[in-house]
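FYI, it's all coordinate maths here, none of it is from the lab. Remember, predicted model here, so these are calculated numbers, not experimental data. Cβ atoms come from the backbone with ideal geometry, glycine included; neighbour counts cover every protein chain shown.
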């Protein structure tokens, strides 16, 4: 492992819905709650209008419910979620702060531009071995802070009435989520620079404030008592309770962990337990070593059991054991709006 680390050191659901699909009771309830709160905050920037829902979770965490936000076709069955009424929809996993781009109503380009794929270097060590080592490293790190900073991006996709898929590429965003001692939370979203190859025309200027909201204690739907356990043996039950799904796939688990990381200031022992739990799962493989979107060395863990069309990834530092980033790749063959493979969302935590 030490030799591997030395080598590596030298060398992470927007989805789709039909526009006229009927809403479930849960969705209707969330829509009603959103409409009631909608007037709380609206900001406009250029051609983009951003509405901020006043109670909830981080955008772009795994599977955050966003009004009008599309989801991947066939990206996995919907399930009830106890805590949000994530993100990873950060992406999030909580009744969310959500950003809506008015340009989404316009048809996207025939082939949307997506972020470049990360370059991978083969790694021979198994996922369980690496994850176990990383969990041990994590427990030796200095205490974590109470602020979560991240850079993120997601492809917005919808299905037109004729069944064609339309994609709209939005601006990358930078988030800062501050958890105060009194239980209140402040979320600030700003526009980030376009990713390599993305045209800047029509996008907010980098640094533009997209949202700046304060949530009193109890308004952020991931309270301190909802944090994950520090024991590996308790993580499975915790995730099952959190998602109301006792049979999470490995890919879903990666997304849930990304959502937790975006919405809760983890202790080192909690993060170590999450990594240790991943080491016990089947269907998680090592994709390779990489340099992530923030220029850091990382090991990419992947799973494709959530949907044959998508690959879920988590990137972990081989030096500290910290989770650095999460990404979702489209790897199917049925879409004409994006190439295959393509990155369809990512979040990189500044740690």
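Here are the numbers for the structure shown:
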read-out: Residue order, fewest to most surrounding Cβ atoms within 10 angstrom, among 238, 330; value: 238, 330
read-out: Cα-based equivalent ellipsoid, region 241-307: semi-axes from gyration tensor eigenvalues, Å; value: 20, 17, 11
read-out: Fully extended contour minus Cα-Cα distance, from residue 126 to residue 201, at 0.36 nm per residue; value: 22.6 nm
read-out: Most to least packed among 136-146, 121-131, 294-304 [average Cβ atoms within 10 Å]; value: 294-304, 121-131, 136-146
read-out: Relative exposure of 170, 147, 243, judged by other C-beta atoms within 10 Å (fewest first); value: 147, 170, 243
read-out: Distance (nanometres) between label positions extended 7 Å along Cα→Cβ at residue 117 and residue 247; value: 3.2 nm
read-out: Label zone at residue 282, where the point sits 7 Å out along the Cα-to-Cβ direction: region 251-268 residues whose backbone N lies under 14 Å; value: 251
read-out: Hydrodynamic radius by Kirkwood, which averages 1/r over all alpha carbon pairs of region 248-347, in angstrom; value: 14.0 Å
read-out: Whole-number Å³ per residue for the convex hull built on Cα positions in region 111-228; value: 219 Å³
read-out: Cα-based shape type of region 158-276, given that a ≥ b ≥ c are square roots of the gyration tensor eigenvalues and the cut on a/c is 1.5; value: oblate
read-out: More than 21 Å apart - percent of Cα-Cα pairs taken over region 207-270; value: 32 percent
read-out: Extension gain, residue 162 back to residue 333 (0.36 nm per residue minus Cα-Cα distance, nm); value: 59.6 nm
read-out: Förster-model FRET efficiency, 25 Å R0, residue 141 and residue 294, C-beta, rounded to 0.05; value: 0.90
read-out: P(r) weight above 14 Å for region 195-239, C-alpha pairs, percent; value: 71 percent
read-out: Ranked list, fewest to most other Cβ atoms within 10 Å of each Cβ, for 345, 337, 182; value: 182, 337, 345
